[in-house]
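The block underneath contains the structure these notes are about, expressed in structure tokens.
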Protein chains: 2
Amino acid sequence: MPTDATLPSRARASDELLRTALEQFATVGFAGTSLQQIADHAGYSKSSVLYHYASKEALLEAAITPAIERLEALVDDFAEGRRSDAARGVFITRFVDLLLGERLAVHLFVSQGHSLGGIPIVERGNAAIRVLADAICSGATLVEQMRFGVALAGATYALVAGATFFDDVEMSELTNSHDDDEMRAALVEVVSELLLPADGRQTR
Amino acid sequence: MPTDATLPSRARASDELLRTALEQFATVGFAGTSLQQIADHAGYSKSSVLYHYASKEALLEAAITPAIERLEALVDDFAEGRRSDAARGVFITRFVDLLLGERLAVHLFVSQGHSLGGIPIVERGNAAIRVLADAICSGATLVEQMRFGVALAGATYALVAGATFFDDVEMSELTNSHDDDEMRAALVEVVSELLLPADGRQTR
DNA sequence: GCAGGATCTGACCGATCGGTCAATTACCGT
DNA sequence: ACGGTAATTGACCGATCGGTCAGATCCTGC
């Protein structure tokens, strides 16, 4: 028998725990989630959680690292490239894709990034956001900055708020597939309206 | 001697505690804040905190109730009124003023409203948001809904994110007076761009 | 100056926190 | 069949949690 990629009924325990932890962290907060809750929710004992992950913090790190690294890559590309309209366009779509693809991690990072100051991976994420903000703010008017801030923050938070207020069904699980396509299109359009030099409005 | 409104050096103890608690709840989260922390930060003992407020939850309730009630009033006025452009305009400015005037409470409510499901005052706030969302969504296209969502969420979160990433100085204390004026103007402009039928874009 | 409420505090409570450890069980190559 | 590693668990630890309670201490009206 293969050691992994076996029957789909029971995925790797560490993955189950990671998914459960991310879901809990995102919904009730990092501080508000106990290892016991995670263990219960995933069907393991608290000791098992700590066997797979050295600490609660390690669990958090494992949960959001992929999303943070995607964010870093996106920000780096945008920051060092010139800010042509085309560059802005691809940035917007990549940003929206990141939001949709990493909902839970984004929710977690975005709404608790400030409180989780000490954790290294969170600091990396905060640093990336700061780089992005600098790239935006250099030589821009306040209104222009605000436009960028509202666009990105709005897109981000619209998802989070949507998840917060409108999930009758659990917001966990896998992607909502078909809804995401409409959502993606609408988000890209609205953000583009704000950030691209549509019609006769000045870009800067 | 008067029983209150006396020397400004030491305000009412319950007010000090309330301010400290709100600040802590907003910065490190409700679950992440202990009564001991609040007591230490305010210069009292934990017992004193529980003398003035019956429980941690009561402290939270007292801290955000004013902001929630302002929100309810605003949402009610908007929801029952017809949605003319003028009505939208006054809604926008009132909304921005609410954000600026109740920063900490908004931050707290917005970024933890979901996790604090059980608390009655939080539920009232969530209900108000839902009423607002319904008023917006009824008979609107997805893009239109998204425009509204991004605008309000963006304005809200731009403040929160700003507070999260850009306060060299403590974000506590009183209002930043002069900065707020520029901020207010910029916010109103950007939100208006999105929500008002500027130039030749269709309103609906 | 004294009675009495308002305020403040330390000691204490059971529960739960994150985390350690030794022992047990499941599984796999040989 | 066996040996060893990976996985899982309950017992247990000190610390801290939110909250109670019985005094201290202060302050004020009489």
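The values are calculated or read from the model by the stated rules, or taken from the named source; none is laboratory data. Since this is a predicted model, take the numbers as computed values, not measurements. Please note: Cβ atoms are built from the backbone with ideal geometry, for glycine as well, and neighbour counts cover all protein chains shown. Protein only, heavy atoms only, side chains kept; ligands, DNA and RNA dropped before computing areas. Shrake-Rupley method; radii C 1.70, N 1.55, O 1.52, S 1.80 Å.
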Inset, instruction - Please work out which residue is farthest from DNA strand D (Cβ to nearest atom), limiting yourself to the range B:25-38 and to residues that are over 15 Å from the mean Cα position of the chain (by Cα), part of a helix (DSSP H, G or I) and modelled with pLDDT of 95 or more. - result: B:38
Inset, instruction - Quick one: which residue in B:62, B:54, B:58 is within 16 Å of DNA strand D (Cβ to nearest atom), outside any helix (DSSP H, G or I) and either of a type in the set (Lys, Arg) or more than 30 Å from residue B:188 (Cβ to Cβ) (or both)? - result: B:54
Inset, instruction - Might you let me know whether the range B:101-114 holds any residue that is within 14 Å of another protein chain (Cβ to nearest Cβ), within 16 Å of DNA strand D (Cβ to nearest atom) and either more than 29 Å from residue A:108 (Cα to Cα) or of a type outside the set (Val, Ile, Thr) (or both)? - result: yes
Inset, instruction - Could you check how many residues of the range A:160-204 are part of a helix (DSSP H, G or I) and at pLDDT 80 or above? - result: 15
Inset, instruction - Answer yes if at least one residue in the range B:127-135 is within 12 Å of chain A (Cβ to nearest Cβ), farther than 21 Å from residue B:70 by Cβ, modelled with pLDDT of 85 or more and open to solvent by less than 20 Å² (accessible area, probe 1.4 Å), and no otherwise. - result: no
Inset, instruction - For residue A:64, indicate whether it is surrounded by 15 or more Cβ atoms within 10 Å (Cβ to Cβ) and within 16 Å of residue A:29 (Cα to Cα). - result: yes
Inset, instruction - Name, by its number, the condition in (1) buried (at least 17 other Cβ atoms within 10 Å of the Cβ); (2) within 15 Å of DNA strand D (Cβ to nearest atom) that does not hold for residue B:75. - result: (2)
Inset, instruction - For residues that are within 11 Å of DNA strand C (Cβ to nearest atom), in contact (Cβ under 8 Å) with a residue 12 or more places away in the chain and not in a loop (DSSP other than H, G, I, E, B), tally how many sit in the range B:40-51. - result: 4
Inset, instruction - Give B:74, B:22, B:98, B:17 a once-over and let me know the one that is within 14 Å of DNA strand C (Cβ to nearest atom), in a helix (DSSP H, G or I) and away from every other protein chain (no Cβ under 14 Å). - result: B:17
Legend entry - Residue check for residue B:71: within 22 Å of the chain's Cα centre (by Cα), hydrophobic (A, V, I, L, M, F, W, C) and modelled with pLDDT of 95 or more: yes
